[in-house]
Amino acid sequence: IDNEFKHFEKLWLDWIDAIESVVPRNNRYFNLVSGITEEDIRSLKQNQDIQIPTALINFYKVRNVDYDAVTSAFSFEFDSYEYDLLPFKDIIKHWNEIQGLQSDDEEYANPNWIPIAESKQGDYLLFDSGTEPTGKFGQIIELQNETWKRDVVADSLETLIRDTIDSIK
């Protein structure tokens, strides 16, 4: 993990501790795994269409999750919607799905928005990796597929997880 992102180690530990207070490690939905490897990163970089920011790569270097079709202990909740943290290897697949929904009439999602969590209804939490005047690097955007609603729900990944920890407590 790069030095400037060492704080992710504590953030993950705090999140794990909060979740363990509710969901035991031996529960099927406690889907935590080791962080990503250099091979995982190389595999991702073969896709030239998407640029995963260093912050997200370092976040996933600390820990990662396995996909579960039902739910995940590592999730976020907004307005009664639950969003499961995506496994690192699935980010590209979901990004491509979102980009496939673009139309000539309206931009559904900016290509700089990187999916980090999904609901089972096709909604996403996205990490804004752009530097456009209307956005803020690192903010988290909720993208709802039926209403096309796009709302900023946290000013950073750290805030998203800290708010989740507080909610669990």
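The values are calculated or read from the model by the stated rules, or taken from the named source; none is laboratory data. For clarity, every value in this text was computed on a predicted model and none was experimentally measured. So basically every Cβ, Gly included, is an ideal-geometry build from the backbone, and we count neighbours across all protein chains shown. Areas reflect the complete protein model, heavy atoms only, side chains present, ligands, DNA and RNA absent. Shrake-Rupley method; radii C 1.70, N 1.55, O 1.52, S 1.80 Å.
Structural remarks
- Positions within segment 87-115 being more than 29 Å from Arg63 (Cβ to Cβ) and of a type outside the set (Gly, Ala, Ser), in sequence order: Leu101, Gln102, Asp104, Asp105, Glu106, Glu107, Tyr108
- Looking only at segment 83-93, residues that are open to solvent by less than 60 Å² (accessible area, probe 1.4 Å) and under 17 Å from Ile36 (Cα atoms) come to 7 in all.
- Answer from Arg63, Arg28 - the residue that is under 17 Å from Ile91 (Cα atoms) and not hydroxyl-bearing (Ser, Thr, Tyr): Arg63
- Among the residues of segment 11-46, just one is touching a strand residue (DSSP E or B) at 6+ places or on another chain (Cβ under 9 Å) and of a type in the set (Lys, Arg), namely Arg25.
- Residue list for segment 54-67, restricted to those being within 18 Å of Leu126 (Cα to Cα) and open to solvent by less than 40 Å² (accessible area, probe 1.4 Å): Ala55, Leu56, Ile57, Asn58, Phe59, Tyr60, Asn64, Val65
- Matching option when the condition is open to solvent by 80 Å² or more (accessible area, probe 1.4 Å) and closer than 30 Å to Pro24 by Cα, among Ser80, Ser119: Ser80
- Residue check: Asn96 meets all listed conditions (1) within 19 Å of Phe8 (Cβ to Cβ); (2) of a type outside the set (Asp, Glu); (3) surrounded by fewer than 19 Cβ atoms within 10 Å (Cβ to Cβ) but one, namely (1).
- Segment 9-53 - residue that is without any contact (Cβ under 8 Å) to a residue 40 or more places away in the chain and of a type in the set (D, E, K, R) and, of those, least open to solvent (accessible area, probe 1.4 Å): Glu20
- Count - residues of segment 87-113 that are touching a helix residue (DSSP H, G or I) at 6+ places or on another chain (Cβ under 6 Å) and at pLDDT 95 or above: 1
- Candidate set from segment 99-115 (those that are more than 14 Å from Asn47 (Cβ to Cβ) and among the aliphatic types (A, V, I, L, M)); member that is surrounded by the fewest Cβ atoms within 10 Å (Cβ to Cβ): Leu101
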